[in-house]
Amino acid sequence: MSTSLAWDERYQGGGFQFGEAPNRYLQCQRAWLRPGMRALALGDGEGRNGVWLAEQGLSSVSLDWSPVAGAKAAALAAARGVALRTVTADAAEWDYPEAAFDLVAWIFVHLPPEDRAAATAGVLRCLAPGGLLILECFSPAQQGRRSGGPKMPELLWTRALVEQHFAGLEVLELLEGTVALDEGPRHQGQAEVVRALMRKT
Ligand SMILES: C[S@@+](CC[C@H](N)C(=O)[O-])C[C@H]1O[C@@H](n2cnc3c(N)ncnc32)[C@H](O)[C@@H]1O
């Protein structure tokens with residue numbers, strides 16, 4: 001089972017496990033972003049996505065349960081000269097503030113089913129009307145590939161799981177299929193993912 005300590009260990013030392021550039025799917029949604037929007041980058045790791053959202057002029061919160069990740073995210077924001085609020089918390093237990101965000105980035109966050117249910121409920125609560133969810137996660141077809149993702153199958157996402165957990169959101173885009181990843185040493189090569197762009201009406 002994944003723990004915050006295991007992630008602390010992965011993040012110790014130099015380098016960025018998933019690179020310093022933002023996730024490509026998130027980056028592709030740039031046209032939806034407006035300065036001043038409030039963004040939550042969930043399970044943001046070393047901060048590449050939270051920092052990029054801040055660079056687009058958004059008010060950005062980077063949440064991860066690994067304090068090592070949070071410190072690296074804060075350092076990356078400082079190096080890039082942008083403001084980033086880092087929160088060290090378990091995504092399954094955080095007290096998600098009501099209607100506080102215009103965008104939630106859920107990028108490669110794979111949680112056990114009970115925790116996933118708690119975190120998705122929190123995301124639904126914290127999105128403001130009109131708020132966007134941008135999600136990319138590995139799907140079951142990723143098993144056996146070496147381009148990243150969790151070993152435990154129950155942590156993987158499917159299109160059906162997205163539809164189930166985010167049933168209240170409008171689907172703007174929802175795909176499950178093969179992509180080419182080039183995101184740091186841990187996400188390299190062909191990969192099987194679910195990608196979703198959804199909106200709270
Ligand atoms: C595969 S990494 C992706 C990091 C980042 N989203 C990115 O794309 O660069 C997964 C991240 O989720 C975080 N994470 C996993 N379970 C978590 C939980 N229950 N609460 C908060 N963060 C969690 C890990 O610490 C790790 O940073």
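Things worth noting here:
- Under the condition of being within 14 Å of the ligand (Cβ to nearest atom) and charged (D, E, K, R), the residues counted in region 157-196 number 4.
- Scanning region 111-170 for residues that are in a strand (DSSP E or B) and at negative phi returns LEU127, ALA128, PRO129, GLY131, LEU132, LEU133, ILE134, LEU135, GLU136, CYS137, PHE138, GLU170.
- Qualifying residue in region 56-70 (condition: within 9 Å of the ligand (Cβ to nearest atom), of a type in the set (Phe, Trp, Tyr), in contact (Cβ under 8 Å) with a residue 12 or more places away in the chain and touching a His at 6+ places or on another chain (Cβ under 6 Å)): no
- Here GLY14 meets each of (1) crowded, with 16+ Cβ neighbours inside 10 Å; (2) of a type outside the set (S, T, N, Q); (3) part of a loop (DSSP other than H, G, I, E, B) with one exception, condition (1).
- Set LEU197, LEU156: member being farther than 21 Å from GLY131 by Cα and either at pLDDT 95 or above or surrounded by 16 or more Cβ atoms within 10 Å (Cβ to Cβ) (or both): LEU156
- Scan region 110-138 for residues that are in contact with a Lys or Arg (Cβ under 9 Å, 6 or more places away or on another chain) and closer than 17 Å to MET198 by Cβ and the total you get is 12.
- Output for region 20-44, where each listed residue is in a loop (DSSP other than H, G, I, E, B), small (Gly, Ala, Ser) and crowded, with 18+ Cβ neighbours inside 10 Å: GLY43
- Search result, residues across region 73-117 that are near the ligand (Cβ under 9 Å from one of its atoms), out of contact with any Gly (no Cβ under 7 Å at 6 or more places or on another chain) and among the small types (Gly, Ala, Ser): ALA89, ALA92, ALA105
- Taken together, the residues in region 77-103 that are under 15 Å from GLU46 (Cα atoms) and touching a Lys or Arg at 6+ places or on another chain (Cβ under 7 Å) amount to 0.
- Members of region 53-68 found to be part of a loop (DSSP other than H, G, I, E, B) and hydroxyl-bearing (Ser, Thr, Tyr), listed by number: SER66
- Filter result for the condition that a residue is near the ligand (Cβ under 8 Å from one of its atoms), within 17 Å of the chain's Cα centre (by Cα) and within 27 Å of GLY177 (Cα to Cα), over ARG30, ARG24, ARG48: ARG48
- Checked against the criterion of being within 25 Å of THR158 (Cα to Cα), surrounded by 15 or more Cβ atoms within 10 Å (Cβ to Cβ) and not small (Gly, Ala, Ser), the candidates LEU58, LEU63, LEU53 yield just one match: LEU63.
- You will find that of VAL162, VAL179, the residue that is closer than 27 Å to PHE101 by Cα, surrounded by 14 or more Cβ atoms within 10 Å (Cβ to Cβ) and either of a type in the set (A, V, I, L, M, F, W, C) or more than 17 Å from the chain's Cα centre (by Cα) (or both) is VAL162 and no other.
- The listed residue being surrounded by fewer than 17 Cβ atoms within 10 Å (Cβ to Cβ), under 24 Å from GLN29 (Cα atoms) and of a type in the set (A, V, I, L, M, F, W, C), out of ALA77, ALA100: ALA100
- Residue among SER66, SER62 that is among the small types (Gly, Ala, Ser) and in contact with a Phe, Trp or Tyr (Cβ under 7 Å, 6 or more places away or on another chain): SER66
The values are calculated or read from the model by the stated rules, or taken from the named source; none is laboratory data. Predicted model only: the values in this text are computed from it and were never measured. Neighbour counts run over all protein chains shown; Cβ positions are idealised from the backbone, glycine included.
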